[in-house]
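Chemist: The following block contains the structure, expressed as structure tokens.
Every read-out reported here was derived from the displayed coordinates using simple, explicitly stated rules and does not represent laboratory data. Every value quoted in this text rests on a predicted model; they were computed, and no experiment measured them. For neighbour counting, all protein chains shown are included, and Cβ atoms are generated from backbone atoms with ideal geometry for every residue, glycine included.
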Amino acid sequence: MDAMQDLVFERIAEFFALLSDPMRIRIIHCLCDGERTVTDIVAQTKGTQTNISRHLSQLYRAGLLSRTKNGNFILYRVADPTVLTLCRTVCVQVAGMQDLAVAPKRKLLGIAQDFARSVD
């Protein structure tokens, strides 16, 4: 394997690492319907202000989210719709697993629809 290929695989792993934290997935899901303030995101995800701000910063720096300032508020939104498609695909894949009970399958498929609605 050459150095360029190593770099590519490293970047892919970094992208998936961003999506490896449940709170970051919650944040992305929260932003499916459009932009939100940090306060809205904290309320919807039930996280702490400090924790949510840290995750938002990571997602923003990676280019998955964009933000604008509106007065005293910062509004975040999904910058890369590919992330929504990926999240939807994973939800459907996990919902299709044999060992998953019916209620979690329904919840996953509902979340998958949320992600799909944002992409369409």
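Chemist: For ALA103 and ILE12, compute 0.36 nm times the residue count separating them, minus their Cα-Cα distance, and round to one decimal in nm.
Modeler: 29.5 nm
Chemist: Let me ask something else. Zone of THR82 (label point 7 Å along Cα→Cβ, backbone N under 15 Å): which residues in region 1-28?
Modeler: The answer is 8-19, whose backbone nitrogens lie closer than 15 Å to the label point.
Chemist: Nothing charged except the Cβ atoms of Lys and Arg (+1) and of Asp and Glu (-1): what's the magnitude of the dipole of the chain about its Cα centre? Round to the nearest 20 debye.
Modeler: Result for the chain is approximately 520 debye, rounded to the nearest 20.
Chemist: Now, a different point. Please rank VAL102, VAL8, fewest neighbouring Cβ atoms within 10 Å first, as an exposure proxy.
Modeler: In increasing order of surrounding Cβ atoms, one gets VAL102, VAL8.
Chemist: Let me ask something else about it. Apply 1/(1 + (r/R0)^6) to the Cβ-Cβ distance of VAL94 and GLN44, taking R0 = 22 Å, and write down the FRET efficiency to the nearest 0.05.
Modeler: Efficiency, rounded to the nearest 0.05: 0.55.
Chemist: Between the DSSP loop rule and a limit of at most 14 other Cβ atoms within 10 Å, which chymotrypsin sites (Phe, Trp or Tyr not before Pro) in region 25-91 are left?
Modeler: For chymotrypsin sites (Phe, Trp or Tyr not before Pro) across region 25-91 that sit outside H, G, I, E and B with at most 14 neighbouring Cβ atoms in 10 Å, the list is empty.
Chemist: Right, something else. P(r) of the chain in 5 Å steps, Cα pairs, percent per bin?
Modeler: Using 5 Å bins, I get a P(r) of 2, 11, 19, 20, 18, 13, 9, 5, 2, 0, 0 for the chain.
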